[in-house]
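What follows is calculated from the coordinates using simple rules that are stated; it is not laboratory data. Here the structure is a predicted model, which means the values were calculated and not measured. No Cβ is skipped: glycine too gets one built from the backbone with ideal geometry, and neighbour counts run over all protein chains shown.
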């Protein structure tokens, strides 16, 4: 368990320093679909440093960064398929959240 947390902490540190969103859930990570290969490489390198060998990593699906061998049309389909229109309720909640954030920060955000 301790080694798992060391690996996760290192991954989170790297993504945080790069200002790239990442969510850690137990022994899994959720990243944007254009970060899948980077995360896979990083997990292999960090686990090799902690354990002496790379852990086997399985992604739940392909990432955009692994679509380079496909045509531009396939890549655009991949992007469009993952983009969902935001509902009116979501947009209202987002606006309220942003107003509250600006108010809490004195308008600097």
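For the chain, what does the helix formula give at 222 nm: sum of -39500 (n - 2.57) over DSSP H segments with n ≥ 4, over the residue count, nearest 500 deg cm²/dmol?
Working: 4 runs with 60 residues, N = 109.
Only helices count here, giving -18000 deg cm²/dmol.
Helix 36-51 axis versus longest C-alpha principal axis of the chain: approximately 50°, rounded to the nearest ten.
With respect to the chain, whose longest principal axis is taken over its alpha-carbon atoms, helix 72-82 is tilted by about 60°. Estimated at 0.36 nm per residue, the fully extended path between residue 91 and residue 69 surpasses their Cα-Cα distance by 4.3 nm.
How would you rank 88-98, 9-19, 36-46, highest first, on the average number of other Cβ atoms within 10 Å across their residues? It would help to have the intermediate numbers written out before the result.
Details: 88-98: 10.0, 9-19: 13.2, 36-46: 17.6.
The peptides rank, most packed first, as 36-46, 9-19, 88-98.
Gyration tensor analysis over the Cα atoms of the chain returns equivalent ellipsoid semi-axes of 30, 24, 11 Å (largest first, whole Å). Using the Cβ-Cβ distance between residue 41 and residue 1 with R0 set to 35 Å, the FRET efficiency works out to roughly 0.90. To the nearest ten degrees, helix 2-17 and the longest principal axis of the Cα atoms of the chain are 50 degrees apart.
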